[in-house]
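The values are calculated or read from the model by the stated rules, or taken from the named source; none is laboratory data. Fair warning: this is a prediction, and the values are worked out from it, not measured in the lab. Using ideal geometry, Cβ is built from the backbone for each residue, glycine included, and neighbour counts are taken over all protein chains shown.
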């Protein structure tokens with residue numbers, strides 16, 4: 001007898017991971033998205049890991065029952081949680097001998113999960129469930145090291161990213177690269193944003209470093225009525241969750257593949273890696289989305305930090321071989 005409901009068309013079920021896995025590029029209305037039981041995490045869940053052929057950016061939708069909790073645990077991967085509905089809190093600590101720190105959250109907030117910090121999530125509403133959308137780079141780490149235990153049973157502590165500081169969950173400061181260092185962001189739909197003319201016409205944007213993460217990159221982007229981004233092709237897997245408004249997105253490549261996708265508040269779009277895309281608003285109101293990228297390729301290539309694209313650098317050397325003519329053997 002099946003332990004889960006029939007799998008909807010365009011989706012598959014991973015028995016080992018206990019995840020329902022939608023396919024394609026866009027997932028609609030995440031607040032009402034189909035969810036299957038996930039006993040290992042005491043939740044109901046779906047995973048969007050396979051959208052757009054992604055292999056490095058993990059995206060999980062997880063619902064906690066009224067008054068419920070998830071098992072406390074650690075993992076070395078980078079992660080953050082966006083709250084779609086409900087409210088609650090998380091307890092975290094880095095060192096085993098430290099007291100836990102409590103972080104409260106509600107719908108519209110995003111919180112970072114510092115790498116390998118112990119944490120546990122609690123639904124604060126005894127009468128209604130809560131729904132979280134998690135972004136992680138777990139799949140890339142497991143592929144790189146070939147081990148689940150490396151991610152979940154690792155004793156290393158990232159004290160440089162989180163060291164149980166008293167102000168860790170309240171600080172909010174601008175960094176030299178223009179990003180904002182903030183480990184919790186409240187009410188993303190109303191976060192003040194700065195003009196971003198390099199990103200497009202009538203576009204506003206903030207970029208954030210959350211949890212001290214090196215690879216996961218977080219941005220909030222808003223376009224005014226008739227706003228548009230310029231065409232871009234980032235060398236990164238990414239997900240865009242619509243916080244408000246309606247969008248029209250073109251995606252295309254050099255092989256002649258092209259699609260026009262209309263999406264809006266509550267939907268999530270995942271353009272394929274290395275494919276061109278351009279976003280515009282629909283309707284008469286501004287539109288805003290949360291953008292999350294796994295920039296590990298950009299980090300590995302040592303490219304300048306560019307929020308639009310990360311081209312493969314030209315590394316053809318100007319020197320073909322060293323000049324050994326003046327070399328003398330040391331005495």
Query raised in the report: For the range 116-206, list the strands (runs of 3 or more DSSP E) that sit wholly inside it and hold at least 2 residues that are crowded, with 21+ Cβ neighbours inside 10 Å and under 19 Å from the mean Cα position of the chain (by Cα); which are they?
Result: 118-123, 130-136
Report task. Determine, yes or no, whether residue 66 is in contact (Cβ under 8 Å) with a residue 40 or more places away in the chain, surrounded by fewer than 19 Cβ atoms within 10 Å (Cβ to Cβ) and closer than 25 Å to residue 243 by Cα. Result -> yes
Query - Unique residue being in contact with a strand residue (DSSP E or B) (Cβ under 6 Å, 6 or more places away or on another chain), assigned to a strand (DSSP E or B), touching a residue at least 40 places away in the same chain (Cβ under 8 Å) and under 30 Å from residue 157 (Cα atoms) when the list is 218, 247 - result: 218
**Report entry** Residue list for the range 250-275, filter: closer than 20 Å to residue 234 by Cα and part of a strand (DSSP E or B)
**Finding:** 250, 251, 252, 258, 259, 260, 261, 268, 269
Query raised in the report: What are the residues in the range 81-97 that are in a strand (DSSP E or B) and closer than 23 Å to residue 128 by Cβ, if any?
Result: 81, 82, 83, 84, 85, 87, 88, 89, 90, 91
Report summary line: Residue pairs within 9 Å by beta carbon, gap of at least six or interchain, first lying in the range 133-149 and outside the structural domain of residue 48 (by TED's automatic domain parsing) and modelled with pLDDT of 85 or more, second assigned to a helix (DSSP H, G or I) and surrounded by fewer than 17 Cβ atoms within 10 Å (Cβ to Cβ), listed first then second, are none
Query - Every residue from the range 30-70 that is closer than 24 Å to residue 259 by Cβ, part of a loop (DSSP other than H, G, I, E, B) and over 18 Å from the mean Cα position of the chain (by Cα) - result: 33, 34
**Report entry** Hits in the range 276-300 - residues which are in contact (Cβ under 8 Å) with a residue 60 or more places away in the chain and not in a strand (DSSP E or B)
**Finding:** 285, 286, 295, 296, 297, 298, 299
Query raised in the report: Can residue 59 be described as in contact with a strand residue (DSSP E or B) (Cβ under 8 Å, 6 or more places away or on another chain), surrounded by 21 or more Cβ atoms within 10 Å (Cβ to Cβ) and either in the same structural domain as residue 248 (by TED's automatic domain parsing) or touching a residue at least 40 places away in the same chain (Cβ under 8 Å) (or both)?
Result: yes
